[in-house]
Each structure stands twice: as structure tokens, then as C-alpha cells.
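The block underneath contains the structure these notes are about, expressed in C-alpha cells.
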Amino acid sequence: MKAPTLILLVRHALTATTGTVLTGRAPGLHLSDDGRRQAAAVARRLAAHPKIEAVYASPLERARETAAAIAKARGCAVRIERELTELDVGAWTGRSLRRLGRKREWQVVQRHPSGFRFPGGESFVEMQARVTGVLARLVERHPGVVVVAVSHADPIKAAVAHALGVHLDLFQRIVIAPASITAIAYRSQSPLVLTLNSMDGDLAGLLA
């Protein structure tokens with residue numbers, strides 16, 4: 001039986017606007033001081049995993065900076081994969097989450113995301129297809145090894161929902177914290193979600 005590929009999905013570490021602003025794909029957003037400490041901590045956790053073959057990242061600065069800390073600890077380069085990028089929220093980019101929460105459409109985002117497209121941006125369905133597609137390509141590119149992919153909360157949640165066979169309309173029930181690690185083993189059968197939103201602890205035993 002062919003060995004599975006283990007994808008370690010890492011959400012980027014904290015920025016100054018995490019949790020307050022819908023930043024989307026806005027450029028120029030870097031890790032905060034706390035975020036840099038988080039990135040260093042997740043890099044130390046992953047440095048202990050001997051089988052990591054590659055580190056990929058979304059092209060956005062906050063993801064690249066998180067991935068850089070991981071790659072430096074392993075002595076390798078970061079590979080940029082544009083389809084790991086954040087959901088394109090279009091005209092809502094940079095808007096306050098508190099204000100967006102008052103909009104009628106926000107209830108659709110939370111309860112029926114499969115039926116929503118951000119004005120001038122991407123739909124959740126398109127985002128999920130994009131992310132699961134790039135993960136499938138990474139699995140094909142790196143059979144039977146471990147790969148780190150640094151991305152964003154919604155893409156990781158969408159990948160988890162797909163792996164679990166959960167409808168996209170339920171994906172908002174999944175929590176992915178900054179600098180957390182989610183592990184999915186992609187096998188010839190169905191994928192296995194091995195750990196979700198992990199913030200501490202040893203990962204070396206995954207797939208042991």
C-alpha cells in the first residue's frame with residue numbers, strides 16, 4: 001500500500017489586525033511582534049519533525065514570514081504557492097469585522113457560505129475548490145512524505161471540511177487559530193484528519 005502524504009497546514013501567525021479587520025488579500029500586512037514570536041514557536045515545533053520535505057506558503061506577507069521562520073529552522077527555502085492564498089473578499093477588503101457583522105449578508109457568510117460570493121471577489125465554493133486542488137497537486141508532487149503549507153484560516157477550514165466530508169455550509173464551525181497546525185494525511189482511500197488547530201505538543205508521532 002502506498003504511503004500517505006502528510007500535509008501540515010499552518011495558519012499564519014498574528015498581525016496587528018488579526019480578529020478585527022477582514023484583511024483579505026490586502027498587501028503590506030506583516031506579522032506583529034507577537035506574531036513573530038508565534039512563528040518562531042511553531043518553527044521550533046516543526047523542526048523536531050524529521051520527515052518534512054518541503055515548506056510552501058501563500059504569497060501574502062504574513063504567510064511568507066511565518067513560513068520563513070519554519071524553513072529557516074529546517075535549513076530549506078520557502079516555495080510560494082499562489083493558490084494557498086487568502087479568500088478574495090473583494091470590496092469588503094479592509095473592512096472592520098464589527099461593522100461587517102451588522103450587515104444582513106454576514107448571516108449568509110456564517111450560515112450559508114456555499115451560496116455567497118464577496119462583491120467583486122471570490123465565492124466560498126471557488127475558494128474551497130482552489131485550495132483542495134492545490135493540496136492535491138502537492139500530494140502528487142510529494143508522495144509519501146511530509147509537507148508544510150502555510151495558509152489562512154478560511155482556506156484551511158475549507159480543506160478540513162472537504163477532508164472530513166462535511167458540507168461547506170458547516171465549515172464555520174471549525175476553528176483555526178493563528179500559528180496553529182492542522183494535519184491531514186492524504187491516502188489512496190479517503191483522507192484522515194490527524195490533528196486540528198494544534199497549538200502545542202509534539203507532532204513527531206503523526207503517522208508513526
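The values are calculated or read from the model by the stated rules, or taken from the named source; none is laboratory data. Keep in mind it's a predicted model, so treat the numbers as computed, not measured. Reconstructed Cβ throughout: ideal geometry from the backbone, glycine too, with neighbour counts over all protein chains shown.
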Legend entry - Residue, surrounded by the most Cβ atoms within 10 Å (Cβ to Cβ), within segment 162-174, restricted to residues that are of a type in the set (A, V, I, L, M) and more than 26 Å from R36 (Cα to Cα): A163
Legend entry - Lone unmet requirement of (1) over 27 Å from R187 (Cβ atoms); (2) in a helix (DSSP H, G or I); (3) touching a residue at least 40 places away in the same chain (Cβ under 8 Å) for R44: (3)
Inset, instruction - Determine which single condition P119 fails, assuming it passes every other condition in (1) surrounded by fewer than 18 Cβ atoms within 10 Å (Cβ to Cβ); (2) not in a loop (DSSP other than H, G, I, E, B). - result: (2)
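Of all residues in segment 1-39, how many are of a type in the set (G, A, S), within 17 Å of A177 (Cβ to Cβ) and under 17 Å from the mean Cα position of the chain (by Cα)?
The qualifying residues number 4.
I'd like the residue in segment 188-200 that is part of a strand (DSSP E or B) and touching a helix residue (DSSP H, G or I) at 6+ places or on another chain (Cβ under 8 Å) and, out of all such residues, is nearest to I156 (Cα to Cα).
Filtering first and then ranking leaves L196.
Within segment 40-52, restricting attention to residues that are under 18 Å from the mean Cα position of the chain (by Cα) and buried (at least 16 other Cβ atoms within 10 Å of the Cβ), which residue is farthest from H142 (Cα to Cα)? Working first, answer last.
As a first pass, look at segment 40-52 and keep what is under 18 Å from the mean Cα position of the chain (by Cα): 40-43, 45-46, 52.
Within this subset, residues satisfying the condition of being buried (at least 16 other Cβ atoms within 10 Å of the Cβ) are 40, 42-43, 45-46, 52.
Values: A40: 25, V42: 22, A43: 21, R45: 21, L46: 18, I52: 10 Å.
Here the residue is A40.
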Inset, instruction - Considering only segment 53-64, state which residues are surrounded by fewer than 19 Cβ atoms within 10 Å (Cβ to Cβ) and either assigned to a loop (DSSP other than H, G, I, E, B) or touching a Pro at 6+ places or on another chain (Cβ under 9 Å) (or both). - result: P59, E61
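Can G133 be described as more than 19 Å from the chain's Cα centre (by Cα), among the small types (G, A, S) and at pLDDT 95 or above? Show your work before the answer.
Numbers: more than 19 Å from the chain's Cα centre (by Cα): no; among the small types (G, A, S): yes; at pLDDT 95 or above: yes.
When the stated conditions are applied, G133 does not pass them.
Within the group A159, A177, A185, A149, which residue is modelled with pLDDT of 95 or more, surrounded by fewer than 22 Cβ atoms within 10 Å (Cβ to Cβ) and not in a loop (DSSP other than H, G, I, E, B)? Before you say what the answer is, go through the steps one by one.
Working: A159 fails: surrounded by fewer than 22 Cβ atoms within 10 Å (Cβ to Cβ); A177 fails: not in a loop (DSSP other than H, G, I, E, B); A149 fails: surrounded by fewer than 22 Cβ atoms within 10 Å (Cβ to Cβ).
The unique qualifying residue is A185.
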Legend entry - Test: residue in segment 124-136 that is surrounded by fewer than 23 Cβ atoms within 10 Å (Cβ to Cβ), touching a Ser or Thr at 6+ places or on another chain (Cβ under 7 Å), among the small types (G, A, S) and touching a residue at least 24 places away in the same chain (Cβ under 8 Å): no
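If I filter segment 85-92 for residues that are closer than 21 Å to V166 by Cα and buried (at least 18 other Cβ atoms within 10 Å of the Cβ), do I get at least one hit? Quick ask: steps written out before the conclusion?
Of all residues in segment 85-92, those closer than 21 Å to V166 by Cα come to 86-87.
Pick out the ones that are also buried (at least 18 other Cβ atoms within 10 Å of the Cβ) and you get 86-87.
Yes: one or more hits.
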Inset, instruction - Please indicate, with yes or no, whether at least one residue in segment 83-102 is at pLDDT 95 or above, part of a helix (DSSP H, G or I), in contact with a helix residue (DSSP H, G or I) (Cβ under 8 Å, 6 or more places away or on another chain) and among the small types (G, A, S). - result: no
Inset, instruction - Within segment 5-37, track down each residue that is out of contact with any Gly (no Cβ under 7 Å at 6 or more places or on another chain), crowded, with 21+ Cβ neighbours inside 10 Å and within 22 Å of V160 (Cα to Cα). - result: L6, I7, L8, L9, V10, R11, H12, G24
